[in-house]
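Student: Let me give you the structure first, and then I'll get to my questions.
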Amino acid sequence: MGRRVIVKSRVPKTYRHQELDRSLRSSRTKNEARLIQEARNHGVPTPIIYDVDLDEAEIVMEEIRGERVKDVLGRTDPASVEKICDEIGRLTAVLHSNGIVHGDLTTSNMILRDGRIWLIDFSLGGRKATIEEMGVDLHLVKQAFLSAHSEIFDSFQIVLDSYKRNFEGAEGVIDRVREIEGRGRYT
Ligand SMILES: Nc1ncnc2c1ncn2[C@@H]1O[C@H](COP(=O)(O)OP(=O)(O)O)[C@@H](O)[C@H]1O
Ligand SMILES: [Mg+2]
C-alpha cells in the first residue's frame, strides 16, 4: 500500500525446547503488540500496528522515520533538551497513570519525529503496573541520563518535574526509585 513498515520478528532460539520457544515467542509478540496499541489509545505516540502474526511471532508496524532521542540529546541546544525532557516525563506519566509499564525505557527506544517523541519496543512491558515496575522504568530513564547523557544529567530533573505534574502517584514511584538504588540491585 506504499507505506514504509518495520517487521519485528522474534527468531526461534534453538537452545530452547521447541514448544516452549514457540509459545514464548508468540506470547511476547502478543504482549508487545497489545501494549503498543494500548499506549497509543491513551495518546502516547507509538507505531500503528498493521498486522500481528502469532505463529511467525511477527509484528508489522509503521516505520517511525526520525532520530533516536539518544543521538539527539548529545548535540542539541538547551531549549530543545528541555522540551524533550519535559515530554519524556509526560509520556512516562501517561503510561503509568494508565497502568502500563514500558520495561525498557531508555533513550534508544525513543524516536524524535516531527517534534514529537515516539515510544517503541514494549517487548518487556506490562499492564497492571506495580509501583516497583514503575520505579524500574523511571530508574532506567535516570540511568540513561547518567551514562549516555552525563553532560546533561541535570536535565533529568526536568523529566522528574514533568512526571510529577502529570501523574498523581509520582511521589510514591520516586520514593521507590530511591529504594531500588539503595538496594544496589543494578550496581
Ligand atoms: N517502528 C519502528 N520505526 C522505526 N524504527 C524502529 C521501529 N521499531 C524498531 N525500530 C528500530 O529497530 C531497533 C530494534 O527494535 P526494538 O523494537 O527496539 O527491538 P529490541 O527488542 O531488539 O531492542 C530500534 O532501536 C529501532 O532503531
Ligand atoms: Mg530496543
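Student: Being among the acidic types (Asp, Glu), buried (at least 16 other Cβ atoms within 10 Å of the Cβ) and in contact (Cβ under 8 Å) with a residue 24 or more places away in the chain is the filter here, so list the residues in region 1-58 that pass it. Show your work before the answer.
Tutor: Within region 1-58, the subset among the acidic types (Asp, Glu) is 19, 21, 32, 38, 51, 53, 55-56, 58.
Remaining after also requiring buried (at least 16 other Cβ atoms within 10 Å of the Cβ): 21, 32, 38, 58.
32, 38, 58, listed by residue number.
Student: Those residues that are modelled with pLDDT of 95 or more and either buried (at least 17 other Cβ atoms within 10 Å of the Cβ) or farther than 22 Å from residue 167 by Cα (or both), I need them from region 72-93; list them, please.
Tutor: Matches in region 72-93: 84, 85, 86, 87, 88, 89, 90, 91, 92, 93.
Student: Let me ask another. Just a yes or no: is a residue in region 108-116 free of Cβ contacts under 8 Å to residues at least 40 places away in the same chain and either farther than 23 Å from residue 28 by Cβ or within 16 Å of ligand 1 (Cβ to nearest atom) (or both)?
Tutor: So far as region 108-116 goes, yes, one or more of its residues are free of Cβ contacts under 8 Å to residues at least 40 places away in the same chain and either farther than 23 Å from residue 28 by Cβ or within 16 Å of ligand 1 (Cβ to nearest atom) (or both).
Student: Moving on to the next point. Would you be able to tell me the number of residues in region 87-105 that are within 10 Å of the chain's Cα centre (by Cα) and of a type in the set (D, E, K, R)?
Tutor: 1
Student: I'd like the full set of residues that are more than 14 Å from ligand 2 (Cβ to nearest atom) and closer than 19 Å to residue 28 by Cα, limited to region 117-136.
Tutor: Of region 117-136, the ones more than 14 Å from ligand 2 (Cβ to nearest atom) are 117, 126-136.
If the condition is that a residue be more than 14 Å from ligand 2 (Cβ to nearest atom) and closer than 19 Å to residue 28 by Cα, then 126, 127, 128, 129, 133 are the ones that fit.
Student: While we're looking at this one, here's another question. If the requirement is being free of Cβ contacts under 8 Å to residues at least 12 places away in the same chain and out of contact with any strand residue (DSSP E or B) (no Cβ under 8 Å at 6 or more places or on another chain), which of these qualifies: 93, 79, 144? Can you show your working first?
Tutor: Working: 93 fails: free of Cβ contacts under 8 Å to residues at least 12 places away in the same chain; 144 fails: free of Cβ contacts under 8 Å to residues at least 12 places away in the same chain.
Criteria check complete, one pass: 79.
The values are calculated or read from the model by the stated rules, or taken from the named source; none is laboratory data. This structure is a prediction, so every number in the text was calculated from the model and none was measured. Cβ: placed from backbone, ideal geometry, glycine included. Neighbour counts: every protein chain shown.
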